[in-house]
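Engineer: Below you'll find the structure I mean.
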Amino acid sequence: MIIEEIMNTDVATLLPAQTLREAAATLREKKIRHIAVVNDEREVLGVITDRDIKQATPSNLLDSDDYSVLDTPIEKIMTPNPITGHPLDFVEETATIFYDNRIGCLPIVSKGKLVGMITESDMLYKFIELTGVTQPGSQIEIRVPNKSGVLFEVSKVFYEHRVNVLSVLVYPDKKDELYKILVIRVKTINPLKLVSALEKEGFDVIWPSHPTL
């Protein structure tokens, strides 16, 4: 999956000379947390967030009534030259960028122009979606040898029982590198027959661990 498929193309933008007051109003009206700062050619100059504004403005807990800071141009407090992505970047690679750089949003640029925005919330929801948990179903975890062809062998059981697979995740077995764990979400509320069939074929089903309970 590529970023173009999930990015928000209706991106709130401001010019660098606009004020913190305007930025705060935009965040409030659009119910967002990040704004791209661009020039007249929609080239990305920076990013400003709700946290930036909170840190720059007076607190209600303080005695100061001086709110002139709200007239400060956002270029004074924005994060300049932010990391950007491209519409054809892969979602999983973009997730790594978010994690490695601890950022909350990523402007998406094509041919030097802003074309979209993706946030950490967008990324999290997409990965939730990819696990299949947004659809009714059940989860089965199977410990299998880390060798080619094993997923095909497991999938034959689901095929024979005419059960639709919603998602498949694979991760290493922490106890033994010669094995891996398949996390398979299937479109059935009661997976007990599948569990029995998998165990009959010799597969080590680790969840549900006690299907009779």
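Engineer: Given the Cα-Cα distance of residue 196 and residue 131 and 0.36 nm per residue of separation, how much length would full extension add, in nm? Intermediate values should be presented prior to the final figure.
Structural biologist: Numbers: separation 65, 0.36 × 65 = 23.40 nm, distance 2.32 nm.
Once the chain is fully extended between residue 196 and residue 131, it gains 21.1 nm.
Engineer: Which values, in whole Å and largest first, are the semi-axes of the equivalent ellipsoid of region 41-185 obtained as the square root of 5 times each eigenvalue of the Cα gyration tensor?
Structural biologist: 46, 19, 15
Engineer: Residue 43 to residue 68: FRET efficiency via 1/(1 + (r/R0)^6), r the Cβ-Cβ distance, R0 25 Å, to the nearest 0.05?
Structural biologist: 0.25
Engineer: Give, in whole angstrom and from largest to smallest, the semi-axes √(5λ) of the equivalent ellipsoid of region 1-113, with λ running over the eigenvalues of the Cα gyration tensor. Numbers along the way, then the final one.
Structural biologist: On the way: eigenvalues 162, 46, 27 Å².
Output for region 1-113: semi-axes of 28, 15, 12 Å.
Engineer: Further, regarding this structure: 7 Å from Cα along Cα→Cβ at both residue 21 and residue 209: what's the point-to-point distance in nm?
Structural biologist: Each label point lies 7 Å from its Cα, and together they span 6.1 nm.
Engineer: Based on alpha-carbon centroids, what's the gap between region 98-126 and region 3-33 in Å, whole number please?
Structural biologist: If you average the Cα positions of each part, the centres end up 13 Å apart.
Engineer: Residues of region 111-137 with the amide nitrogen closer than 12 Å to a label point 7 Å from the Cα of residue 164, along Cα-to-Cβ, please.
Structural biologist: Counting backbone N atoms under 12 Å from the label point, the list is 135-137.
Engineer: Mind checking which lysines have their Cα closer than 16 Å to the Cα of residue 200? Skip sequence neighbours fewer than 8 apart in that chain.
Structural biologist: Filter leaves 156.
Engineer: Further, regarding this structure: Give me the percent relative contact order of region 19-122, please, defined on Cα pairs under 8 angstrom at least 6 residues apart. The partial results should precede the final answer.
Structural biologist: Details: 134 pairs, mean separation 26.6, N = 104.
Relative contact order for region 19-122 comes out at 26 percent.
Engineer: Relative contact order (percent) for the chain, with alpha-carbon contacts under 8 angstrom and 6 or more residues of separation? Before the final figure, lay out the partial values.
Structural biologist: Numbers: 337 pairs, mean separation 38.3, N = 213.
Value for the chain: 18 percent.
Engineer: If I build a Gaussian network model for the chain, linking alpha-carbon pairs within less than 10 angstrom, which residue out of 24, 197, 95 has the largest mean-square fluctuation?
Structural biologist: 197
Engineer: Turning to a different aspect of this structure: Return the equivalent ellipsoid semi-axes of region 99-212 as a descending list in whole Å, where each equals the square root of 5 times an eigenvalue of the C-alpha gyration tensor.
Structural biologist: On the way: eigenvalues 240, 59, 34 Å².
The answer is 35, 17, 13 Å, longest axis first.
Engineer: Can you flag which of 76/113; 31/126; 54/126 are past 24 Å Cα-Cα?
Structural biologist: Numbers: 76/113 22 Å; 31/126 20 Å; 54/126 29 Å.
From the list (76/113; 31/126; 54/126), the Cα-Cα distance tops 24 Å for 54/126.
Laboratory data are not the source of any read-out in this text; all were calculated from the coordinates shown. No experiment lies behind these values; they were computed from the predicted model shown. Here the Cβ is made from the backbone with ideal geometry for all residues, glycine too, and neighbour counts use every protein chain on show.
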